[in-house]
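Engineer: Quick one: structure below, then a few questions.
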Amino acid sequence: MAEVGIFVGTVYGNALLVAEEAETILKGKGHQAKVFEDPELADWQRYKDHYVLIVTSTTGQGDLPDSIVPLFQALKDDVGYQPELRYGLMALGDSNYDHFCGGGKQFDALLQEQGATRVGEVLLIDANDHPEPETVANPWVEQWATLLK
């Protein structure tokens, strides 16, 4: 079964709740999974030959939450090309704002630029339609888990 590092960017805790539920689902499917609430580059690099799942909300003008910015910057400035990386991404946002799910979209764009392989489609969760994001996230994780080798 697969090893999955779950990297969280959260402001009010919704992304962390989604990540914790994802961890439970993945473990229930026989995978190894661990949530990183304040992720660091060293944590990320442990999963470079495995899988990462990014679960992030969006703040400000499409920005990443402060808790995940240092990881994002380290990936951008210090890591560069990482074609061996396989990842999934769930982005939380609010379509009332111009930069809906901008934090997650930034992360996806960076990883694509670095040659990483996205497993499955990016899940964009709109707080307007889904005030309890886990109702959309959990079925996505169930399906995503089937794509892991």
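Engineer: I'd like the GluC sites (Glu not before Pro) in the range 43-149 restricted to DSSP loop residues with at most 16 other Cβ atoms within 10 Å, sorted by number.
Structural biologist: Those that pass, being in a loop and sparsely packed, are GLU84, GLU121.
Engineer: For the chain, with all protein chains present and a 1.4 Å probe, just round the carbon and sulfur fraction of the accessible area to a whole percent.
Structural biologist: With neighbouring chains kept in place, the figure for the chain is 46 percent.
Engineer: A further question follows. Give the accessible area for THR146 in Å² (nearest 10); use a 1.4 Å probe, count only protein heavy atoms, and leave out ligands, DNA and RNA.
Structural biologist: 100 Å²
Engineer: Tell me, what is the per residue accessible area of the chain in Å², probe radius 1.4 Å?
Structural biologist: Accessible surface, normalised per residue, equals 48 Å².
Engineer: Report the relative contact order of the chain, percent, no decimals, based on alpha-carbon pairs under 8 angstrom and at least 6 residues apart.
Structural biologist: Here the relative contact order equals 26 percent.
Engineer: Please report the equivalent ellipsoid semi-axes of the chain, computed as sqrt(5 x eigenvalue) of the Cα gyration tensor, largest first, in whole Å.
Structural biologist: 21, 19, 13
Engineer: With each run of n ≥ 4 DSSP H residues scored as -39500 (n - 2.57), what mean residue ellipticity at 222 nm is computed for the chain after dividing by its residue count and rounding to the nearest 500 deg cm²/dmol?
Structural biologist: Result for the chain, helices only: -10000 deg cm²/dmol.
Engineer: Can you work out the Karplus-derived ³J(HN,Hα) for every residue in the range 26-31? Use 6.51 cos²θ - 1.76 cosθ + 1.60 with θ = phi - 60°, whole Hz, and x for glycine or proline.
Structural biologist: Rounded to whole hertz, the list is 4, 5, x, 8, x, 8.
Engineer: Mind listing the long-range amide H neighbours of SER67? Cut-off is under 5 Å, sequence gap 5 or more, other chains count too, H placed in the peptide plane at 1.01 Å from N.
Structural biologist: Residues meeting the amide H criterion: THR10.
The values are calculated or read from the model by the stated rules, or taken from the named source; none is laboratory data. None of the values given here were measured: they were computed from a predicted structure. Note that we place each Cβ from the backbone using ideal geometry, even for glycine, and neighbour counts take in every protein chain shown. Side chains included, ligands, DNA and RNA excluded: accessible areas come from the protein's heavy atoms. Shrake-Rupley method; radii C 1.70, N 1.55, O 1.52, S 1.80 Å.
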